[in-house]
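A.B. asks: Structure provided below as structure tokens; questions to follow.
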Amino acid sequence: MKTRSLRTCLVACLASIAAPVALADNAPSFSGKDSDLMRLDNGVVIEGRDIETPDGYTSGFRLIAGFSPLRLPRLDLAAEFSYRESDEVPTQMGENSLLVNSVSLGGSLMAGVRIGRLGLYAKSGMAGWEGDAVIPRDALNTAGTTRVTGLGARLAFDSLVSRLEFEEFNAPDMAHHNLLTASLHYPF
């Protein structure tokens, strides 16, 4: 009996997620709130977002421009530009403790798919960064490029929109730029 009720619950959950696209809000899989999007006449969607880490060390912004091909309306393609600045991030270099300032500029290509109310996307790109030590002074002056990867999901139910995203810099020195963000939007 328990197996049958579990199976019924699972089928009901999957059916609500995979509801027809007409029930979804028609926003791209990588977007936050539909109201934050700028839609151009040629079908391009532009979104800007602030970046701020919970620890307060890093801030910046993202600018995303994307579109959905006419013949593949559930597919989302986009390009993202990001800028991050970190002030006095505590880190380790060998056995020495450091405070580091860093600046990062990056670009990524994104692809996503919408399945009813659920949107899934992935991103891959490159970021250039420059860091310098504040304490002790001149202990570390480095710059470089690194690969940036990320995954995300967006789930929309009527006015409620939830997002989950993970983004990782592939350089150990820039690990403080790695982000795991979750949000829940409900306008009232």
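A.B. asks: Testing Ala175 on (1) of a type outside the set (Ser, Thr, Tyr); (2) loosely packed, with under 15 Cβ neighbours inside 10 Å; (3) more than 17 Å from Thr58 (Cβ to Cβ), one condition comes back false. Which one is that?
C.D. replies: Here Ala175 clears every test but (3).
A.B. asks: May I pose another question? Those residues that are open to solvent by 30 Å² or more (accessible area, probe 1.4 Å) and not in a strand (DSSP E or B), I need them from segment 101-137; list them, please.
C.D. replies: Scanning segment 101-137 gives Arg117, Pro136, Arg137.
A.B. asks: Kindly indicate whether any position in segment 84-91 is among the basic types (Lys, Arg), within 16 Å of Tyr57 (Cα to Cα) and surrounded by 19 or more Cβ atoms within 10 Å (Cβ to Cβ).
C.D. replies: Yes, segment 84-91 contains at least one residue that is among the basic types (Lys, Arg), within 16 Å of Tyr57 (Cα to Cα) and surrounded by 19 or more Cβ atoms within 10 Å (Cβ to Cβ).
A.B. asks: Restricted to segment 56-85, and to residues that are outside any strand (DSSP E or B) and touching a residue at least 24 places away in the same chain (Cβ under 8 Å), which residue is farthest from the chain's Cα centre (by Cα)?
C.D. replies: Per the criteria, the residue is Leu70.
A.B. asks: Exactly one of (1) modelled with pLDDT under 80; (2) under 14 Å from the mean Cα position of the chain (by Cα) is unmet by Ala22. Its number?
C.D. replies: The failed condition is (2).
The values are calculated or read from the model by the stated rules, or taken from the named source; none is laboratory data. Note that the structure is predicted; figures quoted are calculated from it, not measured. No Cβ is skipped: glycine too gets one built from the backbone with ideal geometry, and neighbour counts run over all protein chains shown. Note: areas computed on protein heavy atoms with side chains; ligands, DNA, RNA excluded. Shrake-Rupley method; radii C 1.70, N 1.55, O 1.52, S 1.80 Å.
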